[in-house]
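What follows is a short report on a single structure.
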Amino acid sequence: MLIARTIDELRQHLAAAHKPAFVPTMGNLHEGHLTLLRHAKTLGDLSVASIFVNRLQFLPHEDFDSYPRTWAGDCAQLEAEGCDLLFAPDEAELYPQPQTFKVHPDPVLANILEGQFRPGFFTGVSTVVMKLFTAVFAGKAQGVAVFGKKDYQQLMVIRQMVRQFALPIDISGVDTCRAPDGLALSSRNGYLSATERAEAVQLSLALRQLGQDALAAGPALPAQLPLLQAQAMDHLRQRGWQPDYLTVRRRQDLQAPQAGDDLVVLGAAKLGATRLIDNWEV
Ligand code: PAF
């Protein structure tokens, strides 16, 4: 596996590629990331992963400083999966000046759910993803980038960005990888104590229950939804969680659903000091 620390090196290594297949990450890789990479390898002629913990997408009180940085283990896993090229810039390479020029996604999509509880998060994500895309795909007629559905809203924001800027990049979404008990894999699961880890699957169980209740409501869904969502959040509160939201939305744009819409249930909740997110396409 080649490793590029600068955009120039990256582009030299990419010179012969016709259709790079790219997996952006913040490192601390787990089976979820490796699944994205395996999928990427089937889609392009050269697989590229990036590792960059993006300061811009963290709020001041969040875990930027403590976010797990596991360079040696990450490289070994990527190598074992046959990743062709790893782009691992430092902050000075990606942000040589303070990044005052940013990509601001549509607030209708980006200021709800995660964006409501993490203001500016999707501006930080969109800005770094645009920079990574221009680093990887500049001069290429086509490319593909692979994102996990675990970050459902992020995937939708990136799809919209690519569409609206007419970038020649296919965005491929991959199903969430789960532990045997059903917990969605996430780098932040490593923050959980043993007791919290045993409890953590309850978020995905509560989302599944909420999804089933939403389906059962049929045409009465819009009227019943506030109560169903409140019940789901209360259930987690009683188990010691602090939920930000558990909600049913229509899949196409994450707005409030009408009866008959395709649905997705999304949730975010804190267990102790750890904030987890998950979702389920009903
Ligand atoms: O999903 C992530 O790991 C990050 O948000 C991403 C897409 C790598 C941007 O920093």
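Against the conditions (1) within 16 Å of the ligand (Cβ to nearest atom); (2) crowded, with 18+ Cβ neighbours inside 10 Å, where does Glu31 fall short? Just the number, please.
Going through (1) within 16 Å of the ligand (Cβ to nearest atom); (2) crowded, with 18+ Cβ neighbours inside 10 Å one by one, Glu31 breaks only (2).
For residues that are under 30 Å from Ser66 (Cβ atoms) and surrounded by 18 or more Cβ atoms within 10 Å (Cβ to Cβ), tally how many sit in the range 248-274.
Count: 8.
Looking at Leu14, Leu56, can you tell me which residue is of a type outside the set (D, E, K, R) and buried (at least 21 other Cβ atoms within 10 Å of the Cβ)?
Leu14
Is there a residue being exposed (fewer than 15 other Cβ atoms within 10 Å of the Cβ) and within 13 Å of the ligand (Cβ to nearest atom) anywhere in the range 74-88?
Checking the range 74-88: not a single residue is exposed (fewer than 15 other Cβ atoms within 10 Å of the Cβ) and within 13 Å of the ligand (Cβ to nearest atom).
Note down all Cβ pairs under 8 Å where the first residue falls in the range 258-274 and is under 15 Å from Leu205 (Cα atoms), the second is among the small types (Gly, Ala, Ser), and they're at least six residues apart or on different chains.
Val265/Gly211; Val265/Ala214; Gly267/Ala206; Gly267/Ala232; Leu271/Ala200; Leu271/Gly240
Pick from Phe147, Phe101, Phe133: which is among the hydrophobic types (A, V, I, L, M, F, W, C) and within 30 Å of Ala256 (Cβ to Cβ)?
Testing whether each residue is among the hydrophobic types (A, V, I, L, M, F, W, C) and within 30 Å of Ala256 (Cβ to Cβ) leaves just Phe147.
For Asp74, only one of the following conditions fails: (1) within 30 Å of Pro180 (Cβ to Cβ); (2) within 16 Å of the chain's Cα centre (by Cα). What is its number?
With (1) within 30 Å of Pro180 (Cβ to Cβ); (2) within 16 Å of the chain's Cα centre (by Cα) applied to Asp74, the lone miss is (2).
Do we find a residue being surrounded by 22 or more Cβ atoms within 10 Å (Cβ to Cβ), among the charged types (D, E, K, R) and either within 18 Å of the chain's Cα centre (by Cα) or at negative phi (or both) anywhere in the range 174-182?
No, there is no match, as no residue in the range 174-182 is surrounded by 22 or more Cβ atoms within 10 Å (Cβ to Cβ), among the charged types (D, E, K, R) and either within 18 Å of the chain's Cα centre (by Cα) or at negative phi (or both).
Please go through the range 271-282 and pick out each residue that is under 17 Å from the mean Cα position of the chain (by Cα) and either of a type in the set (A, V, I, L, M, F, W, C) or within 27 Å of Gln252 (Cα to Cα) (or both).
Of everything in the range 271-282, those that are under 17 Å from the mean Cα position of the chain (by Cα) and either of a type in the set (A, V, I, L, M, F, W, C) or within 27 Å of Gln252 (Cα to Cα) (or both) turn out to be Arg275, Leu276, Ile277, Asp278, Asn279, Trp280, Glu281.
Yes or no, residue by residue, for (1) of a type in the set (A, V, I, L, M); (2) touching a Phe, Trp or Tyr at 6+ places or on another chain (Cβ under 8 Å); (3) surrounded by 17 or more Cβ atoms within 10 Å (Cβ to Cβ):
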site: Gly115; (1), (2), (3): no, yes, yes
site: Gly124; (1), (2), (3): no, yes, yes
site: Val128; (1), (2), (3): yes, yes, yes
site: Met156; (1), (2), (3): yes, no, yes
site: Pro168; (1), (2), (3): no, yes, no
site: Ser186; (1), (2), (3): no, no, yes
site: Ser193; (1), (2), (3): no, no, no
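Out of Val128, Val136, Val146, report the one residue that is part of a strand (DSSP E or B) and of a type in the set (A, V, I, L, M).
Val146
Kindly provide the set of residues from the range 105-149 that are more than 16 Å from the ligand (Cβ to nearest atom) and either polar (S, T, N, Q) or farther than 21 Å from His13 by Cβ (or both), ordered by number.
Scanning the range 105-149 gives Asp106, Pro107, Val108, Asn111, Ile112, Gln116, Gln142.
Looking at Leu155, Leu167, Leu207 in this structure, which one is among the hydrophobic types (A, V, I, L, M, F, W, C), away from the ligand (no atom under 14 Å from the Cβ) and in contact with a strand residue (DSSP E or B) (Cβ under 8 Å, 6 or more places away or on another chain)?
The conditions single out Leu207.
FYI, it's all coordinate maths here, none of it is from the lab. Predicted model, so just to flag it, every value in this text is computed and none were measured. Here the Cβ is made from the backbone with ideal geometry for all residues, glycine too, and neighbour counts use every protein chain on show.
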